[in-house]
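Participant: This is the structure, below, for whatever I ask next.
The values are calculated or read from the model by the stated rules, or taken from the named source; none is laboratory data. Remember, predicted model here, so these are calculated numbers, not experimental data. Heads up, the Cβs are rebuilt from the backbone with ideal geometry, glycines too, and the neighbour counts pull from every protein chain shown. Note: areas computed on protein heavy atoms with side chains; ligands, DNA, RNA excluded. Shrake-Rupley method; radii C 1.70, N 1.55, O 1.52, S 1.80 Å.
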Amino acid sequence: MNPENIFTSYSDWLAHTEIPKGQRAVLEASIDLFSKQGFDGTSTAQIAEQAGVSQGTIFKYYHTKQDLLQAIITPVLQHLFPKMRDRFVGSLPEKADLPTIIHFIVQDRFKFLQQNAEVVQIFVSELLISPQIRDVFNDLIKNSMPVFEESPLTELQSSGQIRQDLSLFDIGRTLIGQLITYFFQTKFSSKQLNTAADLARIESILVASLQP
């Protein structure tokens, strides 16, 4: 894969990655089953059946099921997410007010969550229990700080549109918390949701939370 390519989702990235057909089928089946059944609830036999390969093929590429999980998550955190982060920050509206910026962030990032729903579900569940995943994620956050320090969010805070007592971490937690919570609500709620109205409500909550 050309490291300069920027794709819109993990599935798009995987489709353009130069790996053997059987290996790609294993990864696709694993993502689907891990997101639905959880890592511990999925066997290599189930993965092999869905991928249309033998279990021997799985172990040809990945010595353990944990290696297979790492092969899904680590490239996302180390390569795909940073490129998507840079593209996202670069596309934030400049010289815009806080409601405009928040509207863009909410709409854009929720679309991103939807496009990468299966991988996001796997990642969030494993983040809670895997020290290795947390280490890679913490490195991503640390390396992302200089990028966000140059974003319009910093300019809004300098101009007094965002509370001065909030750090970039505070702002990020506020944004991510609202979006991730609603994302999982859309996945597991038994009720019919009005996504457009709900996202508009989230935007109002975020603006009120960040304004002085």
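Participant: Report the relative contact order of the chain, percent, no decimals, based on alpha-carbon pairs under 8 angstrom and at least 6 residues apart. Before the final figure, lay out each step's value.
Facilitator: Values: 151 pairs, mean separation 49.6, N = 212.
Value for the chain: 23 percent.
Participant: Could you compute the longest span of the chain free of trypsin sites (Lys or Arg not before Pro) located in DSSP loops and having at most 15 other Cβ atoms within 10 Å, not counting the site residues? If you can, show how the numbers build up before the last one.
Facilitator: Values: sites that count: Lys95, Arg163, Lys191.
In short, 1-94.
Participant: Here's something else I'd like to know. Determine the dipole magnitude for region 58-185: charges of +1 sit on the beta-carbon of Lys and Arg, -1 on that of Asp and Glu, nothing else is charged, the reference point is the Cα centre, and the result goes in debye to the nearest 20. All intermediate terms of the calculation are to be shown ahead of the outcome.
Facilitator: Details: 12 positive and 14 negative charges, 75 e Å.
Around 360 debye, computed over region 58-185.
Participant: Per residue, how many Å² of accessible area does region 1-100 show with a 1.4 Å probe? Could the numbers behind the result be given before it?
Facilitator: Numbers: 5150 Å² over 100 residues.
With the other protein chains kept in place, region 1-100 gives 51 Å² per residue.
Participant: Throw me the Rg/Rh for region 97-205, computed over C-alpha atoms with Kirkwood Rh, two decimals. Before the final figure, lay out the partial values.
Facilitator: Working: Rg = 15.2 Å, Rh = 15.5 Å.
Reported Rg/Rh, Kirkwood definition of Rh: 0.98.
Participant: What is the Å³ per residue value for the convex hull set by the Cα atoms of the chain? Let's see the in-between values first.
Facilitator: Working: hull volume 27.3 nm³, N = 212.
Roughly 129 Å³ of hull volume per residue.
Participant: Binning every alpha carbon pair distance of region 89-157 at 5 Å from zero, what are the percents per bin?
Facilitator: Spelled out per bin, shortest first, that is 3, 15, 17, 19, 20, 15, 9, 2, 0.
Participant: Please compute, for the alpha-carbon atoms of region 1-122, the extent along each of the three principal axes and give them in descending order in Å.
Facilitator: 56, 30, 19
Participant: Expressed as a whole number of Å, what is the distance separating the alpha-carbon centroids of region 150-166 and region 20-41?
Facilitator: One Cα centre to the other: 41 Å.
Participant: Rounded to the nearest percent, how much of the accessible area of the chain (1.4 Å probe, protein heavy atoms only) is carbon and sulfur?
Facilitator: On the way: 6000 of 11400 Å².
Ligands and nucleic acids excluded, carbon and sulfur reach 53 percent.
Participant: What residue among Leu127, Leu179, Gln192 has its Cα farthest toward the positive end of the dipole of region 102-212, where the charges are +1 on Lys, Arg and -1 on Asp, Glu, each on the Cβ?
Facilitator: Gln192
Participant: Still on this structure: Give a residue-ordered list of calculated ³J(HN,Hα) values for region 138-153 (Karplus: 6.51 cos²θ - 1.76 cosθ + 1.60, θ = phi - 60°; whole Hz; x for Gly, Pro).
Facilitator: With coefficients 6.51, -1.76 and 1.60, one gets 4, 5, 4, 4, 4, 6, 7, 4, x, 5, 6, 5, 9, 8, x, 4 Hz.
Participant: Report the residue, chosen from Ser11, Ser151, Ser190, that carries the largest GNM mean-square fluctuation when the chain is represented by alpha-carbon nodes joined by springs under 10 Å.
Facilitator: For the chain, modelled as a Gaussian network with Cα springs under 10 Å, the answer is Ser190.
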